[in-house]
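The values are calculated or read from the model by the stated rules, or taken from the named source; none is laboratory data. Computed from a predicted structure; not experimentally measured. Every residue, glycine among them, receives a Cβ derived from its backbone with ideal geometry; neighbour counts consider all protein chains shown. Note: accessible area is taken over every heavy atom of the protein model, side chains too, but ligands, DNA and RNA are not part of it. Shrake-Rupley method; radii C 1.70, N 1.55, O 1.52, S 1.80 Å.
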Amino acid sequence: MTDLTAVLLLVALATAVATGARHWRIPAPSLLVIAGIGVGLLPWVRDFRVSPQVINLVVLPPLLYASAEEISWRELRRVWRPVTVLAFGLVLASAAAVGAVAAAITPLSGTTAFVLGAVLASTDPVAVTALGRRLALPPRVQMMVQAESLFNDATSLVLFKVAVGTAVAGGALSGGTAAGEFVLLGGGGALVGAVVAGLVALIRRRTEDPVLETVIALVTPYAAYVLAEDVHASGVTAVVVAGVVLGGQAQRLTNAPIRLQVHAVYGTVVFLLESVVFAIIGLELPSLIRDLGAEGHAWPLQALAVAGTLLTVRMLWVFPLSAAMQRRRGIGPVTWRVPAVLSWAGTRGVLPLAAALSIPLTAHDGTPLPQRELVLVLTTAVVVFTLVLQGFTLAPVVRRSGIALEPAHTEREEANARDSLARAGLTQLEQLAELEAAPEVVVDQLRRGLQARLDHARAQLDEAADPADSTATAYRAMRRALIEAESAELQRLYDEHRISDTTRRRIQRTLDLEDVGLGE
């Protein structure tokens with residue numbers, strides 16, 4: 001089997017498993033990891049290895065960018081204090097605790113154990129975002145989980161580089177050197193990301209070509225990452241900053257058709273990359289264990305101890321922090337529902353694996369770096385453990401906590417928004433009609449359309465207030481039946497050569513968008 005065939009089979013397997021996970025409403029990352037392990041254990045499957053450069057340069061930039069684009073500036077300003085505490089304090093505490101535990105229970109030296117701690121210190125934005133999409137968390141909680149996972153990588157990356165430099169050099173680095181590296185990596189990456197975002201915004205404001213816009217959207221995260229790495233800054237931070245800045249300007253940079261196309265293309269890319277990368281994590285574990293040999297037979301217990309340490313340290317930070325925030329905001333008695341969800345949502349994923357794979361093979365004196373294989377095995381095992389255990393149980397924890405938003409709440413909020421939009425449109429239309437800015441027939445047509453939207457929104461609100469009232473459900477069913485009839489007629493016109501394929505596609509897209517807009 002050639003390498004190209006293996007890659008194509010991996011993509012097909014990952015896509016099939018991820019599609020099944022969506023259908024069965026279970027976390028795709030967790031199922032993909034299990035599927036990868038299963039395939040990796042088959043006797044005829046050869047050892048699977050992926051270069052860290054492939055993960056860093058090909059996979060991570062678009063996934064990080066997509067996660068960062070979902071960050072809301074408004075929500076981020078509300079949670080920046082706890083996110084800062086978690087992104088700095090919790091990362092340092094986790095690295096120190098894991099390093100101490102690993103040095104005590106594994107053959108790793110103190111410096112190598114700290115490398116392991118630095119690798120696993122931060123939560124993973126790709127995994128957290130992929131798991132969080134399934135959960136109806138309140139905006140504040142979702143923002144804390146997602147923002148922490150995005151902004152703690154600079155701290156973890158500095159720790160990792162300092163730890164690896166110490167292990168390779170066989171010495172110790174000063175605190176001043178570590179602080180300087182942090183400024184260079186984090187600050188330099190943020191600056192590069194902001195510059196790239198500014199240049200991209202200027203270009204996108206001056207073009208309305210959908211193909212060019214899509215290409216720019218796909219190239220942006222790679223440009224931010226590569227430019228930052230070239231100046232020895234943090235590529236991860238650059239991508240995150242560029243994504244946050246451009247995500248907040250998306251509505252002003254492009255028009256609706258372009259946004260729809262870019263969103264569809266990017267959604268496909270993210271789906272494929274997420275599916276493949278989590279399957280790779282599972283595939284690599286069996287081959288890494290085989291490389292470890294008989295002397296590493298205790299790795300399962302060691303990995304459980306490290307994973308338990310990470311979860312314990314996270315709880316010891318999150319619970320007191322949440323209690324202090326609740327008292328500061330004056331929210332009645334302290335509740336442990338939110339910190340329980342925040343603690344359990346701290347999964348590890350792609351970034352720790354990429355960092356571990358980038359550990360050098362030899363020290364400065366040319367000798368092999370000791371216990372590198374054990375670090376790789378423990379890292380991958382902890383990633384698999386958190387993705388499987390926390391991934392499969394996060395939804396039940398959210399349900400038991402009672403903080404998840406009910407579907408009725410979301411539907412009511414959307415219906416209220418649609419009602420307000422329709423009213424604003426009618427008000428503006430009446431003002432334009434008084435000025436005689438358009439023929440009366442045009443005004444009547446627009447008025448009927450807006451009134452229909454207003455009636456639909458009112459029906460949804462009535463149904464939310466009284467579930468027994470099925471007016472909105474009946475409206476959706478009837479409208480979908482009409483859309484189906486219109487689609488059939490459109491196909492008939494095309495089959496009889498009365499319209500071109502371009503016209504058929506354009507009208508069918510309009511019908512599809514209306515169908516999607518009807519909701520569930």
Problem - Matching residues in the range 17-45 - criterion: being among the basic types (Lys, Arg) and free of Cβ contacts under 8 Å to residues at least 12 places away in the same chain - result: ARG22
Problem - So VAL192, is it of a type in the set (A, V, I, L, M, F, W, C), assigned to a helix (DSSP H, G or I) and at pLDDT below 75 - result: no
Practice task
Of all residues in the range 229-258, count the ones that are assigned to a helix (DSSP H, G or I), within 22 Å of GLY189 (Cα to Cα) and open to solvent by 50 Å² or more (accessible area, probe 1.4 Å).
Solution key: 2
Exercise for the section: Within the range 360-392, work out how many residues are at pLDDT below 80 and either open to solvent by less than 10 Å² (accessible area, probe 1.4 Å) or closer than 30 Å to ALA323 by Cα (or both). Expected result: 0
Fill in the blank from the handout: Of the residues in the range 208-228, those that are farther than 19 Å from VAL162 by Cα and open to solvent by less than 20 Å² (accessible area, probe 1.4 Å) number 7
Fill in the blank from the handout: Filter the range 21-36 for residues that are touching a helix residue (DSSP H, G or I) at 6+ places or on another chain (Cβ under 7 Å) and of a type outside the set (A, V, I, L, M); the one that is nearest to ILE281 (Cα to Cα) is GLY36
Exercise for the section: Go through the range 254-291 and count every residue that is in contact (Cβ under 8 Å) with a residue 60 or more places away in the chain and in contact with an Asp or Glu (Cβ under 6 Å, 6 or more places away or on another chain). Expected result: 2
Practice task
For GLY180, state whether it is under 24 Å from the mean Cα position of the chain (by Cα), more than 30 Å from LEU389 (Cα to Cα) and of a type outside the set (Asp, Glu).
Solution key: no
Practice task
Being touching a helix residue (DSSP H, G or I) at 6+ places or on another chain (Cβ under 6 Å), open to solvent by 30 Å² or more (accessible area, probe 1.4 Å) and either among the polar types (S, T, N, Q) or more than 27 Å from ALA228 (Cα to Cα) (or both) is the filter here, so list the residues in the range 46-77 that pass it.
Solution key: ASP47, PHE48, ASN56
Problem - Matching entry among ALA178, ALA163, ALA118, ALA113 (being open to solvent by 10 Å² or more (accessible area, probe 1.4 Å) and either in contact with a Gly (Cβ under 9 Å, 6 or more places away or on another chain) or modelled with pLDDT under 80 (or both)) - result: ALA178
Fill in the blank from the handout: Of those in the range 193-207 that are open to solvent by less than 30 Å² (accessible area, probe 1.4 Å) and among the small types (Gly, Ala, Ser), the residue farthest from the chain's Cα centre (by Cα) is ALA201
Completion exercise
Only one of ALA97, ALA104, ALA127 is surrounded by fewer than 23 Cβ atoms within 10 Å (Cβ to Cβ) and within 28 Å of the chain's Cα centre (by Cα), namely ALA97
Handout entry: Pairs where the first residue, in the range 179-192, is more than 15 Å from GLU229 (Cβ to Cβ) and the second is modelled with pLDDT under 80 and basic (Lys, Arg), C-beta under 7 Å, 6+ apart
Key = none
